[in-house]
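Below is one structure, written out as structure tokens; the observations come after it.
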Amino acid sequence: FYDGTSGIGDLKISQDGTKMITIAYGGNRYGINGYTMSTPFDVANASKVADKNESSSLVGGLAGGTVSWDGHWLYLIQNNRSVIRTYYMSTAWDLTTRTYLNAEATPYIDCQACGVSDDGTVFWTYHRYSDKLIHHTLGIPYEFFGGGVNYIGSLSNTTWYPWGNGATGNIYGMYLSQDGKTLVHHDMSNDEQGALNVTFLSTPYDFSSIS
């Protein structure tokens, strides 16, 4: 599978496996693409149905993002990696129906990944160079902007070392399961470069409960 952007920062697939959205990463790339899949979860037969560009509203390109589990909310991380832009898609997984709502600064710079809970009340961010994992409560579900965003520093707001050896990671690609209890990430600093790493949370979305 190749989406033509020469750099995918994130991708999200619908729960039925028939729709996918890819988000570009860095290098003044602005592409967000939508696909359908005739065979669920088989990206080899993905057919592009939307090819959009956010260059008119962003500075310095994209650094990934995410889509809500219901497919209506799109979050784009700006390439300065300190601001997340929120969009609403009136038709689930259809980029042509997106409307820009607002932008919000993240509590730390270098935001490299983000996600939202199934009910939209919890938002999380990962910050690459400090390896901070932060969860946020949202006063209005799904709206990561305005006065309703409360930053809760997980792990006592300290640095999270993925390997437990005092070494920060170099994570590209991080996903938290729908129940908020399984964290999967790809770390380029791992001795086995290219491996997927799985971590479990005993309390959903609470990174201080990582086991």
Extended-chain gain in nm, criterion 0.36 nm per residue less alpha-carbon gap, D94 and T121 = 7.4 nm
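Would you please put 13-23, 33-43, 67-77 in order of how densely packed they are, using the mean number of other Cβ atoms within 10 angstrom per residue and starting with the highest?
Result, highest mean first: 67-77, 13-23, 33-43.
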Cross-link pairs beyond the 22 Å C-alpha cut-off, checked among K19/K52; K52/K132; K12/K181 | K52/K132
Which residues' amide hydrogens lie under 5 Å from the amide hydrogen of A50, considering only partners 5 or more residues apart or on another chain, with H built in the peptide plane?
-> G34
Derived scalar couplings ³J(HN,Hα) [segment 171-182; Karplus, 6.51 cos²θ - 1.76 cosθ + 1.60; whole Hz; x for Gly, Pro] = 8, 10, x, 9, 9, 10, 4, 4, 8, x, 10, 10
Provide the per-residue ³J(HN,Hα) series for segment 7-19, in order, calculated from phi with Karplus coefficients 6.51, -1.76, 1.60 and θ = phi - 60°, each as a whole number of Hz, with x at glycine and proline positions.
-> x, 9, x, 8, 9, 9, 10, 4, 5, 8, x, 9, 9
In order over segment 84-100: 3J(HN,Hα) from phi, Karplus 6.51/-1.76/1.60, θ = phi - 60°, whole Hz, x for each Gly or Pro, gives 10, 9, 10, 10, 10, 9, 5, 9, 3, 6, 10, 4, 5, 9, 6, 10, 6
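Since every read-out is calculated from the coordinates, none of them should be taken as a lab result. Note that the structure is predicted; figures quoted are calculated from it, not measured. Every residue, glycine among them, receives a Cβ derived from its backbone with ideal geometry; neighbour counts consider all protein chains shown.
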